[in-house]
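Structure first, then comments.
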Amino acid sequence: MKITESTSLYDNLDQMSVNEILTNINNEDAKIHVAVKSQIPKIEQLVSMLVDRIKRGGRLFYLGAGTSGRLGILDASEIPPTYGMPHGVVVGLIAGGDKAIRKAVEAAEDNIHGGWNDLKKFNVNQKDTIVGIAASGGTPYVIGALKDANANGLLTACITCNPDTDIAKEADIAIEAIVGPEFVTGSTRMKAGTAQKMVLNMITTALMIKLGRIKGNKMVDMQLTNKKLVERGSKMIMDETGLEYEEAKRLLLLHGSVRAVLDNLKSNAS
């Protein structure tokens, strides 16, 4: 039996007090970071390969069903505004298409050809990397996509929460964060989902840093899509240059990014 489907370590959940429920969920959540930490060597291997591949024009595709697919889409969608990367460098795909983001599409994950068919719409090539996400490790939509990606010479990886799965057998790099049984038996939106989100955060954050999208510890290429981000960018410029807030804000809005302001000031000073 797959660990993700194993019976919860707790019983009679409906008889617990709210405090007991929350405390026990938190106790289980404490196990997640240990499971993810054990996979750092595999995550490092993937990121190191991705840096070179993205620099050569490759793309990163996340592929999953249900919660796993939604997490991949969430991570991919946040890369352009956070790091100023063009849309389409990191792409999230979900079984059943965009409508499945909000509402489950029945049997979509069981289509073993569905994942590769979705990838072909993007004209994937050997520069691209496919990361399949599946808590159980047995999702046909993901397994089929990785198998076809391998056959076409693409780099493949997976994020799963069970050992020795079919998805891992198809992946060049298998990230296996074994978090144990869920608090609610089989509810992989809980610990497994959190573990997957942590791994995704690690992959793209490390990737963006190594691609030069961070200066010091600041998001100097973030898109100025709202007042909060304009204020944050202005304060970054103030910290770096000693300028007053209004002047920092004026320059930010003039040049469009923190990096552009800093580069312009450096150029004028030389």
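The values are calculated or read from the model by the stated rules, or taken from the named source; none is laboratory data. On a predicted model such as this, the values are computed, not experimentally measured, just so you know. Heads up, the Cβs are rebuilt from the backbone with ideal geometry, glycines too, and the neighbour counts pull from every protein chain shown. The accessibility values were calculated without ligands, DNA or RNA, using every heavy atom of the protein model including side chains. Shrake-Rupley method; radii C 1.70, N 1.55, O 1.52, S 1.80 Å.
Remarks
- Exactly one residue out of GLY212, GLY233 is out of contact with any helix residue (DSSP H, G or I) (no Cβ under 8 Å at 6 or more places or on another chain) and at pLDDT 90 or above: that is GLY212.
- Checked across region 158-168, the condition of being of a type in the set (D, E, K, R) and more than 16 Å from VAL47 (Cβ to Cβ) holds for at least one residue.
- When GLY132, GLY96, GLY57, GLY88 are screened for being at positive phi and surrounded by 20 or more Cβ atoms within 10 Å (Cβ to Cβ), only GLY96 passes.
- Qualifying residue in region 157-172 (condition: under 17 Å from ARG59 (Cα atoms), outside any loop (DSSP other than H, G, I, E, B) and open to solvent by 40 Å² or more (accessible area, probe 1.4 Å)): no
- The residues of region 112-124 that are over 19 Å from ALA76 (Cα atoms) and open to solvent by 20 Å² or more (accessible area, probe 1.4 Å), listed by number, are ILE112, HIS113, ASN117.
- Those residues of region 81-134 which are polar (S, T, N, Q), under 21 Å from ALA171 (Cα atoms) and part of a helix (DSSP H, G or I), in sequence order: ASN117
- Whether a residue is touching an Asp or Glu at 6+ places or on another chain (Cβ under 6 Å) and modelled with pLDDT under 95 was assessed, and GLY97 does not pass this test.
- Out of ILE3, ILE21, sole residue that is over 30 Å from VAL90 (Cβ atoms), open to solvent by less than 60 Å² (accessible area, probe 1.4 Å) and either modelled with pLDDT under 95 or of a type in the set (A, V, I, L, M, F, W, C) (or both): ILE21
- Check on ALA151, hydrophobic (A, V, I, L, M, F, W, C) and open to solvent by 40 Å² or more (accessible area, probe 1.4 Å): yes
- Among residues of region 33-47 that are basic (Lys, Arg), those with a beta-carbon under 6 Å from a residue that is surrounded by 14 or more Cβ atoms within 10 Å (Cβ to Cβ) and not in a loop (DSSP other than H, G, I, E, B) at least six positions away or on a different chain give the pairs LYS42/ILE173; LYS42/ILE175.
- Qualifying residue in region 202-221 (condition: free of Cβ contacts under 8 Å to residues at least 40 places away in the same chain, in a helix (DSSP H, G or I) and within 30 Å of GLY180 (Cβ to Cβ)): yes
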